[in-house]
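Visitor: I'd like to ask you about the structure that follows.
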Amino acid sequence: MRVLHLGKYYPPYRGGIEQFLGDLLPALQREGIEPAALVHAHTGAERSQKPFPVWRAPSRGRLLYAPLSPSFPVWLEAMIRAFEPDVLHLHLPNLSACWSLVVPAARRLPWVVHWHADVASRDPRLRLAYRFYRPLEQALLRKARAIIATSPPYLRTSSSLRPWREKTQVVPLGLDPARLPPPDPEARRWAESRWGKTEELRLLCVGRLTYYKGHRVLLEALAQVKGVRLLCVGSGERAAKLNGQIHQLGLQTRAALLGEVSDSCRNALLATCDALVLPSLERTEAFGLALLEAMAYAKPVIATRVPGSGMGWVVVEGETGWLVPPGDAAALAQRIRFVQQYPSLRRQAGEKGRLKFREKFQIQACARRLAEIYRLCSE
């Protein structure tokens, strides 16, 4: 069986959903599925074929985080003709996936829609744009034979999915543990040099430097706790503002924005930190794949209890980590202080997290469920 995935981007582009897709396609091969992907080019357009077809359609910039690709329907029709898929798997939100509604070759195929997040935001520009996007989104969901939600809380609270719950299943996201090996000596030395030789608690934050990730609140919390070193991995439009906040709060010696780093360096930071913090503010953070990466390295996590987000489902309060109210710097500081004061509890939480990752969040389990859904949809 052949399955064509429509996504925003694909590795080496950095992003949680992109990394998930990069792990998923090889895992599907191991389940007897022939996968392919049509995404947007983040550098130059190309059509690679090995180990499976990944075509990157040219983009003409972005509009409110959405890549604009007028030629996407042409590429979609050409790829369907060349690959001859049995199922079309759409990863949403993705404006270009809406072209499937008007490309005849796409409409003839059975669809699976992977619902990664609602288009719900405090950003007034996104709220306005969603009025025009929602009819297209609902048309995609109506056409789909199956819909995949990533966690029970997100399915329960998604207004977009409410009319389609009968054909929606929960399949948790997963990661490939082979992509998260023990760091090599050179990468470990690099990570240790970034942490420094102090006895401070080592906190790591991984994610795009954008408004909903909550870095501003994390820095406010850090200013309230002594003896903590924070490293942030990721790039984004708020980098300059966050660097300014670091200087304003006098955190230059205790907090650093590292920008984008290599996979080996990020893994080394995960392996050498004491805990990972994900202080996201809203349901745009639908799942939190960085939480799984930390759990794979037996690191406890501190996340936010955003109503309806999958974070509060991935993290078991007091077992694999701890949850705090979103946007509450004082509560986050208190939890950081707790993790700092009780090293044995954080080690126990890390080990429980590693067990949960092995039992529930490995990519092969996700691929196996999806392969079953593909076969049912194609009957």
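Since every read-out is calculated from the coordinates, none of them should be taken as a lab result. Here the structure is a predicted model, which is why all the values come from computation and not from measurement. No Cβ is skipped: glycine too gets one built from the backbone with ideal geometry, and neighbour counts run over all protein chains shown.
Visitor: What number results when the radius of gyration of region 234-379, computed over Cα atoms, is divided by 2.2 N^0.38 Å?
Guide: Ratio of Cα Rg to 2.2 N^0.38 Å: 1.18.
Visitor: Next up: Just to be sure I understand: of the beta bridges DSSP finds with both ends in region 179-338, what percent are antiparallel, rounded to 5?
Guide: 5
Visitor: Taking region 68-225 on its own, what percent of its Cα-Cα pair distances exceed 28 Å?
Guide: 44
Visitor: Something else about it: Cα gyration tensor of region 1-125, axes a ≥ b ≥ c as square roots of the eigenvalues: rounded (a/c below 1.5), prolate (a/b > b/c) or oblate?
Guide: Since a/c stays below 1.5, the shape of region 1-125 is classed as rounded.
Visitor: Could you bin all the Cα-Cα distances of region 170-301 into 5 Å bins starting at 0 and give me the percent of pairs in each, rounded to whole numbers?
Guide: All Cα pairs, binned at 5 Å, distribute as 2, 10, 21, 24, 22, 13, 6, 2, 0 percent.
Visitor: Distances over 13 Å make up what percent of all Cα-Cα pairs in region 313-379?
Guide: 71
Visitor: Here's something else I'd like to know. Around G227, under 10 Å between beta carbons, what's the net of Lys plus Arg minus Asp minus Glu among the other residues?
Guide: +2
Visitor: Still on this structure, please answer the following. How much of the pair distance distribution for the chain lies past 36 Å, counting alpha-carbon pairs only, in percent?
Guide: 22
Visitor: Here's a follow-up. Is there a quick way to get the dipole size of region 178-360? I mean about its Cα centre, with the Cβ of Lys and Arg at +1 and of Asp and Glu at -1; what is the value in debye to the nearest 20?
Guide: I would put it at about 160 debye.
Visitor: What is the Å³ per residue value for the convex hull set by the Cα atoms of region 53-102?
Guide: In region 53-102, the Cα convex hull volume per residue is 89 Å³.
Visitor: Pop a pseudo-label 7 angstrom from the Cα along the beta-carbon direction at both H247 and Q341 and give the gap in nm to one decimal.
Guide: Between H247 and Q341, the simple spin-label model gives 3.5 nm.
Visitor: Restricting to the chain, compute how many DSSP beta bridges are antiparallel as a %, nearest 5.
Guide: 10
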